[in-house]
Amino acid sequence: MYLVITQDRFLFYSISCILGPDMTEHIRCVEDICLQRHRHAHVILDTFKNNVIYTPLAERIALIEPERMYIMSPFGIKKCFTGMKVRFIPRAIQVQDLRELVVHGRFYEWQPKIYLTRRQHHIITMTLLHKSQRVITDDLNISIKTLFSHKYNIMLLLNLKKFSGLLSHPFSLSLRYEQHDMHGMAE
């Protein structure tokens, strides 16, 4: 069983054609995951406008103990989903490479050029959600100096002159979360 978590209908349909429509299930919300039926399933998470890493959906994914997790992202996140086998893959992966990787477990040599720490990723996510510095420091239980240190390191990683440049960075679409009502869409 393959659980595909994406906001992109066309990506889901293409993955279901590659892996088999009876073997794939489109996950849109927490209620779509059954703890018994989906236990040890393979999870394919597309982060494009779908940053669900710090949401209840991510907690539910951890509860089903997936056999393997594939995250479609232009960057990696260190210690993301600890205790699970996580593999980062590009969104523009070739069809044959995706089939070989997911179905047959073959090695795919692509590695993200940039790896963020879990804390850096969380800070970027909260910043893109327009959280204030005080809210970020309180939620992450860090000092304001530590926050500035993380922001400086993020700027170095992403080659930004100002932290506000993050809003226009090409990676920003993979760090955003846009909730769409997909229940009314035809399948």
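Bear in mind these aren't lab numbers, they're just calculated from the coordinates by the rules spelled out. Because the structure is a prediction, the values reported are computed rather than measured. Cβ atoms come from the backbone with ideal geometry, glycine included; neighbour counts cover every protein chain shown.
Between the residues Met155, Phe107, Ala41, the greatest Cα displacement towards the positive end of the dipole of the chain, with unit charges on the Cβ of Lys, Arg, Asp and Glu, is found for Met155. Using a ≥ b ≥ c from the Cα gyration tensor of region 1-48 (square roots of the eigenvalues), is it rounded, prolate or oblate, where a/c under 1.5 gives rounded and otherwise the larger of a/b and b/c decides, a/b for prolate? Here region 1-48 falls in the oblate category. Exceeding 23 Å between C-alpha atoms, which entries from my cross-link table qualify? They are Lys85/Lys161; Lys49/Lys145; Lys79/Lys113; Lys79/Lys151; Lys113/Lys151; Lys85/Lys113. Over 23 Å Cα-Cα: Lys85/Lys161; Lys49/Lys145.
Dividing the summed -39500 (n - 2.57) terms of all DSSP H runs of n ≥ 4 by the residue count of the chain sets its mean residue ellipticity at 222 nm at -10000 deg cm²/dmol.
Relative contact order, whole percent, for the chain stands at 21, derived from Cα pairs under 8 Å and 6 or more residues apart. A cut-off under 14 angstrom between Cβ atoms defines the neighbours of Trp110, and their net charge, with Lys, Arg +1 and Asp, Glu -1, is +1. The candidate values are [x] 98, 37, 28; [y] 51, 34, 32; [z] 58, 37, 26; the one derived from this structure for Cα extents along the principal axes in Å carries the label [y]. Screening the chain for whole DSSP H helices of 27 Å or more along their axis (Cα) with average Kyte-Doolittle hydropathy at least 1.0 returns none. When DSSP beta bridges are restricted to pairs lying wholly in the chain, around 5% turn out antiparallel.
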